[in-house]
Amino acid sequence: MIDFHQHIGSRGRTLEHLLAHQEAHGVKQAVVLPIDRSLSEEGGHMPTEAALEAARTYPDRMIAFCHVDPRHPDALDQIRRFHAAGARGYGEHKLRLPCDLPEAKAVYRLCGELSLPVLLHFEYLNYNHNFAGFEQVLRDHPETTFIGHAQAWWANVSAAVPQPGDAGFTNYPKGPVVRGGLTDRWLSEYPHLYADLSAGSGLGALTRDPEFAREFVNRHRKKLLWATDCPCRDGRGDWGEQGQRECFAARSLPVLRELCADQETFDDATGGNARRLLGLN
Ligand SMILES: [Zn+2]
Ligand SMILES: [Zn+2]
C-alpha cells in the first residue's frame, strides 16, 4: 500500500514516527509532502530538503515531493533543481493564494513538462482560493496531472456546498450528497485529475452518504488515492502534545475496504493508482 499524503517536521513529527505509522498498517511507501511557507507569515514551513533526505534514507519506503512558493522569483529553477534531486511531484500546495494565480499556473505548466503531479489543498477562506476557477486551470493544463485534496475539495463532492458566510457554515458537511458536485464531475471529465482521500475531509466524503460513496468509489476507482495525512506517531492515535486521538489510517482502511466492490478496486485505491501515476515499477 502507498499512503499518498504524509508530512514530517511539523509538530514534532519525525521520520521515525512516519516509519512506525507505516509499519502499524502494512503500508509499504509514503509520499512525503513539504510545504514552502518561507514567504508566508504563518508557521508550518516544511522544507523540500527534508523530504528528499527522507527518500534518500529510506528509498524503498519514502517518496519525496517538492514545494516552492510560486511567488518566489526563483521558483521555476528551484523546482527544476528539486526534480533533478529526486522529487517525484509538487505539493502539498497549501498557501493563501488563488489556485489560478498566474505564478502558480507557470508552476503547473513546468510540472507538466517534468511529469511532476501537482497536489493541491483546497479550503475556503484559507488555501487555494477560487475553487470554481480550478476548472479553467484543468482546461488550460491538460499535460499536468492534478490531485485534489482537503475540505473544499471534498465538500464539493455534493452539488449542495455550505459557503463561508452561510449560517451554520462548516468545512465538514454531513448527510446525503446531492448528485452533480464539481469534484465528482471534474473527476469524470478530466483524465489528468485524481483525488487524495486523506484526513477528516476524505473520511467525511466516504462516510456521510454510504450509498453515494459506494457508487462514487467504484465509478472513480482509477482516480482515487488512499492517503491519511495522519499526524499520529504510532499508527494507534498518539498525536504527541495533542494527546490520544484517532488514527486516520485505522479509520479509513476498513471503510474503504467495505465500499470497494472487489479486491482489485481496493488494491487500485491503496496503491495501484499511485504507482501508475508516479511511474513506479
Ligand atoms: Zn492538506
Ligand atoms: Zn495515524
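Measuring nothing but alpha carbons in the stretch 2-278 and taking Rh as the Kirkwood radius, the Rg to Rh ratio lands at 0.93. Across the chain, C-alpha contacts under 8 Å between residues 6 or more apart give a mean separation that, scaled by the residue count, equals a relative contact order of 17 percent. Modelling each spin label as a point 7 Å along the Cα-to-Cβ direction, I'd like the Glu42/Lys28 distance in nm, to one decimal. Those two pseudo-labels are separated by 3.5 nm. Using the Cβ-Cβ distance between Asp262 and Arg236 with R0 set to 41 Å, the FRET efficiency from 1/(1 + (r/R0)^6) comes to roughly 0.90.
If you find the alpha carbon centre of the stretch 211-281 and of the stretch 4-58, how far apart are they in angstrom? When both Cα centres are located, 18 Å separates them.
Rounded to the nearest 20, the size of the Cβ-charge dipole of the chain about its Cα centre is 280 debye, with Lys and Arg at +1 and Asp and Glu at -1. If you take the Cα centroid of the stretch 142-164 and the Cα centroid of the stretch 65-89, the two points sit 24 Å apart. Every Cα-Cα pair in the stretch 189-281 was counted, and those over 23 Å apart are 27% of them.
Full extension of the chain segment joining Asn130 with Asp74 gains 17.7 nm, where the gain is 0.36 nm per residue of separation less the Cα-Cα distance.
Values quoted throughout were computed directly from the atomic coordinates according to the rules given, and no laboratory measurement underlies them. Everything numeric here is computed off the predicted structure, so don't read it as measured data. Neighbour counts are summed over all protein chains in view; Cβ atoms, including those assigned to glycine, are modelled from backbone coordinates with ideal geometry.
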